[in-house]
Amino acid sequence: MTDIKTIGFIGAGGVNSRFARLSANAGFKVLISNSRGPESLRDIVSELGPRAKAVSIEQVNAADILVYSVPFGNLDKIPVKPFAGKTIIDTTNYYALRDGNISALDNRELTSSEYVQRHFKDSRVVKALHNMDLFHIDNGADRKKEQDKPWAVPMTGDNDDAKKQVTEFIKAIGFEAVDCGSLKESWKIEANTPVYLWPYVGKIPDGLDKEEAMYWYKQDKSATVTRQDLLRLVEQATQDIPVGGHVENAPKPWMDWILYWMNGSQ
Ligand SMILES: NC(=O)c1ccc[n+]([C@@H]2O[C@H](COP(=O)([O-])OP(=O)(O)OC[C@H]3O[C@@H](n4cnc5c(N)ncnc54)[C@H](OP(=O)(O)O)[C@@H]3O)[C@@H](O)[C@H]2O)c1
């Protein structure tokens, strides 16, 4: 057992505000940061309650484990030194359309999390918590409380101790981490692969109009994703699948929502 008490968040947007809430609800202390500084995080901190504190990005290093969720193209702006020796959960996804083309990724020289690891060179990067959309992050955690059958989520990394820490944290917030290998192998779980987003989305009921479908989507927790399901999906990934997220592959009627999300408007 590791001894994780405090979770640090680099980024406080759609993804990290959710994981921060799940962390506070699970009893962890929360240190949260963004680009605009602690003053701008007053609302979220008051919503998260007394276990949460807004800090500068450098001060996040006081946490036992970090969750990194910043738009992929902003990686170069994030300091490296404060996070030396820390375990960092990389929740990011590379979407060339949104983040700009990065040739090392487009050419498959590096996976997106190897690229993140190259930046945080003295940290222990673990890729995880990147493959559910915002609603299904919340819904999946609720589902665990209601049914005690957590959704399995993929995890890759090059350090076994870091993966143990991440497994423990993921369990505490309501999911089951499944080890899918090294960061080099993490192309199998990147955006656009079979394990990305859609396994967590149930079957839309027939006959709903677009608005009803969106309402249904936001509450949906009907899918089942077991460890076995997940490993099967990961093995279905091939390198014929284009690198990065491609919205055009989204099943209808989610295209509108995804474009909305891609424009940063969630
Ligand atoms: N949206 C999803 O459903 C989803 C799901 C899983 C993974 N992801 C991935 O997670 C990443 C983040 O997505 P998101 O939806 O959370 O984005 P978001 O809502 O735009 O939030 C981004 C956060 O990053 C912060 N940030 C940006 N530049 C920064 C910098 N230089 N220094 C410190 N903080 C900085 C922003 O700070 P401010 O608050 O000051 O603007 C903001 O809090 C993306 O790679 C995305 O693909 C998204």
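The values are calculated or read from the model by the stated rules, or taken from the named source; none is laboratory data. For clarity, every value in this text was computed on a predicted model and none was experimentally measured. Neighbour counts run over all protein chains shown; Cβ positions are idealised from the backbone, glycine included. Protein only, heavy atoms only, side chains kept; ligands, DNA and RNA dropped before computing areas. Shrake-Rupley method; radii C 1.70, N 1.55, O 1.52, S 1.80 Å.
Quick notes on this one:
- Amide H to amide H distances under 5 Å link residue 177 with 153, 171, where only residues 5 or more positions off or on other chains count and H is placed in the peptide plane.
- Accessible-area composition of the chain, carbon plus sulfur, in percent [1.4 Å probe]: 49 percent
- Estimated distance in nm for a label pair at residue 35 and residue 206, the labels positioned 7 Å out from Cα along Cα-to-Cβ: 4.7 nm
- Checking the cross-link pairs 5/121; 5/203; 29/149; 53/77 against a 32 Å limit on the alpha carbon distance flags 5/203 as lying beyond it.
- In the context of the full set of protein chains, the chain has a per residue accessible area of 47 Å² (1.4 Å probe).
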